[in-house]
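Beneath this line is the structure, given in structure tokens, with notes to follow.
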Amino acid sequence: MLMIFDCDGVAVDSMHLHNEVESEAYQTIGIGISPKELALRFSGVADAEVHRILSQETGRTIPPDIAIQIERRKKEVFAQRLKPVAGIREALAALDNTPRCIASGTGVDLLNYSLGIAGLSGLFAPHIYSSEMVLRGKPFPDLFLHAANQMGYAPENCLVIEDGIAGVQAGRDAGMRVLGFVGGSHCDEDHGDRLKAAGAELVFSDMGDLPALIERFGRI
């Protein structure tokens with residue numbers, strides 16, 4: 001069985017930082033959207049799709065260089081505040097013989113930067129996949145199917161670990177089983193219910209529980 005991890009909010013506790021920086025950037029161009037709304041609506045969604053939706057909804061033109069500005073600011077914030085999800089290193093050590101990869105909606109450069117800052121690159125490299133590598137990002141299944149194909153696994157033999165509604169939908173549409181993770185700093189008390197409604201088979205909040213869950217799912 002192949003484990004496919006989302007990055008932001010699953011491997012690194014970064015979603016609250018993403019949302020803070022993006023909310024501030026959108027405010028400067030007259031789009032009032034809070035970090036919480038960004039988390040609820042766009043967790044795991046590729047930046048280009050977020051910009052398309054916000055522009056359509058607000059009638060505001062998204063400056064072509066805003067993505068560069070946001071990424072530059074994120075790197076500054078991440079360098080000071082980014083941490084790995086609690087227990088992720090221990091969980092991966094316990095699952096050392098289980099194939100794994102990252103499949104994230106974040107662009108390649110920032111994705112690798114985040115994993116490097118958190119000290120996790122060596123636990124996943126070279127199997128790190130970004131939505132920039134496929135035509136359509138989450139909630140479409142393309143990225144997960146690409147990751148599975150690159151790793152040599154059929155979708156039915158893959159287990160996705162996701163914190164975002166779009167990611168859960170993508171995993172299910174790819175024909176994969178999905179666990180919802182709600183241990184990130186951005187998750188409120190209702191987040192697990194939203195992930196279940198999107199199709200997660202179960203949700204968990206402690207990354208230390210993952211090895212037992214993987215063993216259980218491997219027997220089913």
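The values are calculated or read from the model by the stated rules, or taken from the named source; none is laboratory data. All values derive from a computational prediction rather than experimental measurement. Heads up, the Cβs are rebuilt from the backbone with ideal geometry, glycines too, and the neighbour counts pull from every protein chain shown.
Do we find a residue being at pLDDT below 95 and part of a loop (DSSP other than H, G, I, E, B) anywhere in region 210-217? No, region 210-217 contains no residue that is at pLDDT below 95 and part of a loop (DSSP other than H, G, I, E, B).
Evaluating R60 against the criteria (1) more than 16 Å from the chain's Cα centre (by Cα); (2) at pLDDT below 95; (3) among the basic types (K, R); (4) in the same structural domain as Q169 (by TED's automatic domain parsing) leaves one unmet condition, (4).
For region 1-110, the helices (runs of 4 or more DSSP H) that sit wholly inside it and include 2 or more residues that are among the β-branched types (V, I, T) are 47-58, 66-81. Of the set (1) closer than 21 Å to S14 by Cα; (2) in the same structural domain as D163 (by TED's automatic domain parsing), all apply to V50 but (2). Please find, within region 12-54, the residue that is farthest from E71 (Cα to Cα) out of those that are modelled with pLDDT of 85 or more and of a type in the set (S, T, Y). Looking at residues that are modelled with pLDDT of 85 or more and of a type in the set (S, T, Y), I get S34. Out of all the residues in region 174-220, which are touching a strand residue (DSSP E or B) at 6+ places or on another chain (Cβ under 7 Å), within 17 Å of I88 (Cβ to Cβ) and acidic (D, E)? If the condition is that a residue be touching a strand residue (DSSP E or B) at 6+ places or on another chain (Cβ under 7 Å), within 17 Å of I88 (Cβ to Cβ) and acidic (D, E), then no residue fits. Looking only at residues in region 172-191 that are modelled with pLDDT under 95 and over 18 Å from M3 (Cβ atoms), which one is surrounded by the fewest Cβ atoms within 10 Å (Cβ to Cβ)? Looking at residues that are modelled with pLDDT under 95 and over 18 Å from M3 (Cβ atoms), I get E189.
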